Amino acid sequence: MNYINLMRIAIRALKRNKTRTFLTMLGILIGVASVIAMLAIGQGSKASIQTQLSSMGTNMIFVMPGSMFRGGVQMGPSNMQSLKMTDLEAIEKNCPDVTMVSPEVRTSGQSIYSNKNWPTTIYGVTPQYLDIRKITIETGRIFTEREVKNSAKVCLIGKTVKDNLFANNQDPVGTVIRFKNIPFKVIGVLAEKGQSGFGQDQDDLIVAPYTTVQKRILAITWLNAIYASAASEELGSKAQTEIEQTLREQHKIKAGEEDDFTVRSQTELVNTFSSVSNVLTALLGAIAGISLLVGGIGIMNIMFVSVTERTREIGLRMSVGARSRDIMMQFLVESVLISIIGGIIGIIFGMGASALISSIMGWPVMVMPQSVVLSFVVCTFIGVFFGWYPARKAAELDPIEAIRYE
Amino acid sequence: MGKKIIEVKQVRKDYHVGEVVVHALRGINLEIEEGEFVAIMGASGSGKSTMLNILGCLDTPTSGEYYLDGTSVASMNRNQLAGIRNRKLGFVFQAYNLLPRTTALENVELPLMYNASLHSKDRKKMAIAALEAVGLADRMDHMPSQLSGGQQQRVAIARALVNNPILILADEATGNLDTRTSFEIMALFQDLNRQGKTIVFVTHEPDIANFTSRRIVFRDGLIRSEERTASVVDAREALKTIPVLNNHDAL
């Protein structure tokens, strides 16, 4: 028996029962559509987190003081005074895969300009800081090395600070604002960065030379953090290790002792979030997969009903010369057709649903070709798997009994 | 003497119903020649249905020999039997057994669908020819539900004819029809027989058996009697003797 005939027989049989065929298809259709949509949501969120994180600089490495014991007391990291400018200089000198490095000293306080004021955070850094963190300047200029050396009272302000201190059309460059009652000359405005992936406003900041913040505001000698940039994303973990080695030497930490600092790289963070969203995707996919499974069981159920209902038809087909294999193939082709057609419609619906979700909910959605191919393969498998048993039952019928079945 | 289409030798068929063995056929010897129109008769439980199943290659005997058109089929497997049914046999059932929601033409095409050597064009041509032979050329696109009982049975006969079988087996083919329609169907069978078709017709109505050329009566799994019909009644003549109630199904 050739396959064209087989298809023709199966299509005729499916057409005879349009409603039932459609309802069976519906199970697979919904299953596939939800798999496609769920995976699209999962993948979309993963992709959006990744772009957000890489907008923060994928080569970025940052060093924070870690907690440590001092005289039997566990100290909190924020109280630590372990990071010094000497550490930074050592990193510059000893780490070949680190291209840029900047200290960070920060404090929160009220910024004031004329009759307006705004609570914000001032970051004491070196000019390289902007490159490391992928911050660009909209107007004005960055401070010079000389201004850093002299602890010049100059600053750049973020968009949020500008909006809250200045009138709409006023150019802040050249004006003098006060932070914690210390006057700072505004020499530049930073380009808008928007919210971070964690809902943090990245434009609510003032950037000034670290020396100014250290000496004139805080009167300290240590650093809150060190920011560095690896030569490339691939060299990120190597650069991270180099920094760890250098700092251990600097801090005279013996082998086996714990670090009094923490080094984190952006790559690490990206990986962490990727794995989180992978878990999310898997979870969504699994839930949708269950509905696909239920759809498959629906096919098996209907095929059983169909076999029983068409016992006489099967008997007749056998009496006019259908072999067991022909009958089996007919029912298998029927179930595979149902699941494949349902699957194709489901893929279209799933893509439509994904587009709808992204436009209504504003979620990032991304339909992957793999998930389309996967659901197609799964559909075929479901058709064969759940059609097999009913088809075998049909093929094993005794023609004599089947033809007289009431 | 014509060619032997059927040659059955010492055929026995036992069924196991739980612990009990039922001897449905207890040593049947039977020969049917080409061009014969044979009626198999008997009460229910006489073994006539079992005989028909074996003759129709739907079942195999427990022991004995069965030659169909010179080929031994007694020890064939399921697939081989299916092939024989497809190429050499045609069945007509009491309940017509047409596929619902399927046109007369597609119903008639069905046996040919299981013959891979046929082209779809030939298939259609053969099906149309078979429907013409039973006088239903104008009903090809009708669904079974749009046809009368007699017409449905004629579609079924066309289906039995379509593969040009060497033997047509009819199982109580007039059992669901009124007298008039039965006679019409028998007239059709007689026409086919005259054209050279060998027909085995299972029935329990002596009236119907009068239209055949030989009757074989089964009883308790054995052939009780076998006789040639002295004068075969022509079904078309017999039709004239019954009053016309409705004319919709006339030949």
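Take each uninterrupted DSSP H stretch in chain A, measure its Cα extent along the helix axis, and return the ones at 30 Å or beyond whose mean Kyte-Doolittle hydropathy is at least 1.0.
Length and hydropathy pass: A:266-309, A:324-360, A:369-395.
Tell me the Kirkwood hydrodynamic radius of chain B in angstroms, computed as one over the mean inverse distance between distinct C-alpha pairs.
Roughly 18.7 Å, rounded to one decimal.
Report, as a whole number in µm² per second, the diffusion coefficient that Stokes-Einstein gives for segment A:256-390 at 10 °C and 1.306 mPa s using the Kirkwood radius over alpha carbon pairs.
Calculated translational D: 86 µm²/s.
For segment B:213-226, in order, what is each residue's ³J(HN,Hα) by Karplus, 6.51 cos²θ - 1.76 cosθ + 1.60 with θ = phi - 60°, in whole Hz (x at glycine and Pro)?
So the J values, rounded to whole Hz, are 8, 8, 10, 10, 9, 9, 7, 6, x, 10, 7, 8, 8, 8.
Report the dimensions of segment A:81-259 along its three principal axes from the alpha-carbon atoms, largest first, rounded to Å.
Computed over segment A:81-259, the largest-to-smallest principal extents equal 56, 34, 30 Å.
I need to check one value: relative contact order of chain A, counting alpha carbon pairs closer than 8 Å and at least 6 residues apart, in percent. Don't jump to the answer; show the numbers that get you there.
Numbers: 751 pairs, mean separation 120.0, N = 406.
Relative CO of chain A lands at 30 percent.
To the nearest 10 degrees, how steeply does helix B:78-88 sit against the main Cα axis of chain B, on a 0 to 90 scale?
Taking Cα atoms only, the helix is inclined about 50 degrees.
Please give the average number of partner chain Cβ atoms lying within 10 Å of the Cβ of each residue in A:310-319, rounded to a whole number.
6
Using helices alone, I'd like the mean residue ellipticity at 222 nm for chain A: each DSSP H run of four-plus residues gives -39500 (n - 2.57), total over residue count, nearest 500.
Working: 12 runs with 216 residues, N = 406.
It lands at -18000 deg cm²/dmol.
Beta carbons within 10 angstrom, averaged per residue: use that to sort the peptides A:389-397, A:218-226, highest first.
A:389-397, A:218-226
Count the DSSP beta bridges whose two residues both fall in the protein assembly as shown, then state the antiparallel fraction as a percent rounded to the nearest 5.
70 percent
Run the quick spin-label model on A:GLU268 and B:THR62: label points 7 Å from Cα toward the beta carbon, then report their separation in nm to one decimal.
Simple spin-label model gives 8.4 nm for this pair.
Calculated FRET efficiency, A:ARG178 and A:GLN81, Cβ-Cβ r, R0 22 Å, to nearest 0.05?
Here the calculated transfer efficiency is 0.20.
So the label point goes 7 Å from the Cα of A:LEU23 along Cα→C-beta, right? Which residues of segment A:329-345 then have their backbone N under 20 Å from it?
It comes to A:334-343, nothing else.
If you take the beta carbon distance between B:ALA43 and B:GLN146 as r and set R0 to 56 Å, what does 1/(1 + (r/R0)^6) give as a FRET efficiency, to the nearest 0.05?
Working: r = 36 Å, r/R0 = 0.65.
Here the calculated transfer efficiency is 0.95.
Under a point spin-label approximation (7 Å from Cα along Cα-to-Cβ), what is the B:ARG194-A:ILE348 distance to one decimal in nm?
5.7 nm
Starting from the eigenvalues of the Cα gyration tensor, five times each then square-rooted, give me the equivalent ellipsoid semi-axes of chain A, largest first, whole Å.
Result for chain A: semi-axes of 69, 25, 15 Å.
Express in % the proportion of alpha carbon pairs of segment B:161-226 at distances exceeding 13 Å. Don't skip to the end; give the middle numbers.
Values: 1424 of 2145 pairs.
Summing the P(r) tail past 13 Å for segment B:161-226 gives 66 percent.
Based solely on its DSSP helices, what 222 nm [θ] is calculated for chain B when runs of n ≥ 4 H residues each add -39,500 (n - 2.57) and the sum is averaged over all residues, nearest 500 deg cm²/dmol?
-10000 deg cm²/dmol
Just for segment A:81-259, what percent of DSSP beta bridges are antiparallel, to the closest 5?
Of the beta bridges lying entirely in segment A:81-259, close to 75 percent run antiparallel.
Taking springs between alpha-carbon atoms closer than 10 angstrom, which of A:VAL377, A:VAL207, A:VAL63 fluctuates most in the Gaussian network model of chain A?
Judging by the Gaussian network model, the answer is A:VAL377.
Can you give me the Rg/Rh ratio for segment B:83-140, using Cα atoms for both radii and the Kirkwood formula for Rh?
Radius of gyration relative to Kirkwood radius: 0.95.
With a sphere of radius 11 Å drawn around the Cβ of A:THR160, what net charge do the other residues whose Cβ falls strictly inside it have (Lys, Arg +1; Asp, Glu -1)?
-2
With each label point set 7 Å from Cα along the Cα-Cβ vector, what nm distance links A:SER54 and B:ARG101?
Distance between label points: 5.3 nm.
Let me know the mean shielding of B:92-100 by other chains, meaning the per-residue number of their Cβ atoms within 10 Å of its Cβ.
Values: counts 0, 6, 1, 5, 1, 9, 2, 8, 5.
Counting Cβ atoms of other protein chains within 10 Å of each residue's Cβ and averaging gives 4.
Measure out, as a whole number of angstrom, how far apart the alpha-carbon centroids of segment A:85-116 and segment B:192-247 sit.
About 112 Å separates the Cα centre of segment A:85-116 from the one of segment B:192-247.
Fewest to most neighbouring Cβ within 10 Å: what's the order for A:LEU156, B:LEU58, A:LEU374?
Working: A:LEU156 28, B:LEU58 23, A:LEU374 16.
Ordered from fewest to most neighbouring Cβ atoms within 10 Å, A:LEU156, B:LEU58, A:LEU374 come out as A:LEU374, B:LEU58, A:LEU156.
Ranked by Cβ crowding within 10 angstrom, fewest neighbours first, how are A:LEU280, A:LEU337 ordered?
With the sparsest Cβ surroundings first, the list reads A:LEU280, A:LEU337.
Restricting things to alpha carbons, find the Rg to Rh ratio for segment B:1-90 using the Kirkwood radius for Rh.
For segment B:1-90, the value is 0.97.
Quick query: amide H of A:THR262 versus all other amide H atoms, modeled in the peptide plane; which residues come in under 5 Å with a sequence gap of 5 or more or a different chain?
When sequence neighbours closer than 5 places are left aside, the close amide H contacts are A:MET64, A:GLY66.
Less than 16 Å from a label point 7 Å out along the Cα-to-Cβ axis of A:ARG325: which backbone N atoms in segment A:1-20 qualify, by residue?
A:1-7, by backbone N distance to the label point.
Counting pairs of alpha carbon atoms under 8 Å apart in space and at least six apart in sequence, what relative contact order in percent does segment A:174-313 give? Could you put the intermediate results ahead of the total?
Details: 47 pairs, mean separation 12.9, N = 140.
Result for segment A:174-313 is 9 percent.
Going by alpha carbons, how many degrees (0 to 90, nearest 10) lie between the helix axis of B:104-113 and the longest principal axis of chain B?
40 degrees
Laboratory data are not the source of any read-out in this text; all were calculated from the coordinates shown. It should be emphasised that the depicted structure is a prediction, and the values quoted were computed from it without experimental measurement. All Cβ positions, glycine included, derive from the backbone under ideal geometry; neighbour counts span all protein chains shown.
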